[in-house]
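To start, the structure itself, in structure tokens.
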Amino acid sequence: MNLRDKYNHAIQTAKGFHMQGAAEERDGKLYFKGVVQNQDEVNEIWTAIKTVPDWRNDVVAEVTIDPNAKAAGSTYTVKAGDTLSKIAKDQLGDANAYMKIFDVNKSILSDPDKIKPGQVLTIPKA
């Protein structure tokens, strides 16, 4: 059995997260290198790698977080003069995405036009 087959579960886990990178077999090792969107994805890939008891002998891995990725569930504290459109433009790059912010914050917001300084809003992934 080659290493790609042996670690197929980890490779499929990485593919499921759309990891940018590759798993290459060379010199008797599986070189697993890639970039994902957040720490949870990194952790799940490592968990999948570690399901094989002798992974330390087989795998050289470097899985990192994309420095340009917005963290899932990041937060923003509303300031005086803010609007959901302004926050959406600053945080998501698109003022028209204000309803995405409203939708994930319905537990604390009743109207997208009624936000108050000091409220802590969850910002969805861009």
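Going by the structure shown, is residue 82 modelled with pLDDT of 90 or more and either over 30 Å from residue 6 (Cα atoms) or not β-branched (Val, Ile, Thr) (or both)?
Values: modelled with pLDDT of 90 or more: yes; either over 30 Å from residue 6 (Cα atoms) or not β-branched (Val, Ile, Thr) (or both): yes.
Yes; evaluated as a whole, the condition is true for this residue.
Tell me whether segment 44-57 contains one or more residues that are among the polar types (S, T, N, Q), outside the structural domain of residue 9 (by TED's automatic domain parsing), assigned to a helix (DSSP H, G or I) and surrounded by fewer than 17 Cβ atoms within 10 Å (Cβ to Cβ).
Pass one, segment 44-57, residues among the polar types (S, T, N, Q): 47, 51, 57.
Within this subset, residues satisfying the condition of being outside the structural domain of residue 9 (by TED's automatic domain parsing) are none.
Within segment 44-57, not a single residue is among the polar types (S, T, N, Q), outside the structural domain of residue 9 (by TED's automatic domain parsing), assigned to a helix (DSSP H, G or I) and surrounded by fewer than 17 Cβ atoms within 10 Å (Cβ to Cβ).
Of all residues in segment 95-126, count the ones that are under 26 Å from residue 39 (Cα atoms), touching a helix residue (DSSP H, G or I) at 6+ places or on another chain (Cβ under 6 Å) and in a loop (DSSP other than H, G, I, E, B).
2
Suppose the filter is surrounded by 14 or more Cβ atoms within 10 Å (Cβ to Cβ), in a helix (DSSP H, G or I), in contact (Cβ under 8 Å) with a residue 24 or more places away in the chain and not assigned by TED's automatic domain parsing to the domain that holds residue 42; does residue 89 pass it? Don't jump to the end; show me each part of the working.
On the way: surrounded by 14 or more Cβ atoms within 10 Å (Cβ to Cβ): yes; in a helix (DSSP H, G or I): yes; in contact (Cβ under 8 Å) with a residue 24 or more places away in the chain: no; not assigned by TED's automatic domain parsing to the domain that holds residue 42: yes.
Answer is no for this residue.
Run residue 64 past the list (1) of a type in the set (S, T, N, Q); (2) outside any strand (DSSP E or B); (3) within 17 Å of residue 20 (Cα to Cα) and report the number of the one that doesn't hold.
Of (1) of a type in the set (S, T, N, Q); (2) outside any strand (DSSP E or B); (3) within 17 Å of residue 20 (Cα to Cα), only one is false for residue 64: (2).
Residue check: is residue 41 under 30 Å from residue 120 (Cβ atoms) and either small (Gly, Ala, Ser) or not assigned by TED's automatic domain parsing to the domain that holds residue 103 (or both)? Before you say what the answer is, go through the steps one by one.
Working: under 30 Å from residue 120 (Cβ atoms): yes; either small (Gly, Ala, Ser) or not assigned by TED's automatic domain parsing to the domain that holds residue 103 (or both): yes.
Spelling it out, residue 41 is indeed under 30 Å from residue 120 (Cβ atoms) and either small (Gly, Ala, Ser) or not assigned by TED's automatic domain parsing to the domain that holds residue 103 (or both).
The values are calculated or read from the model by the stated rules, or taken from the named source; none is laboratory data. Computed from a predicted model, the values in this text were never measured in an experiment. Neighbour counts run over all protein chains shown; Cβ positions are idealised from the backbone, glycine included.
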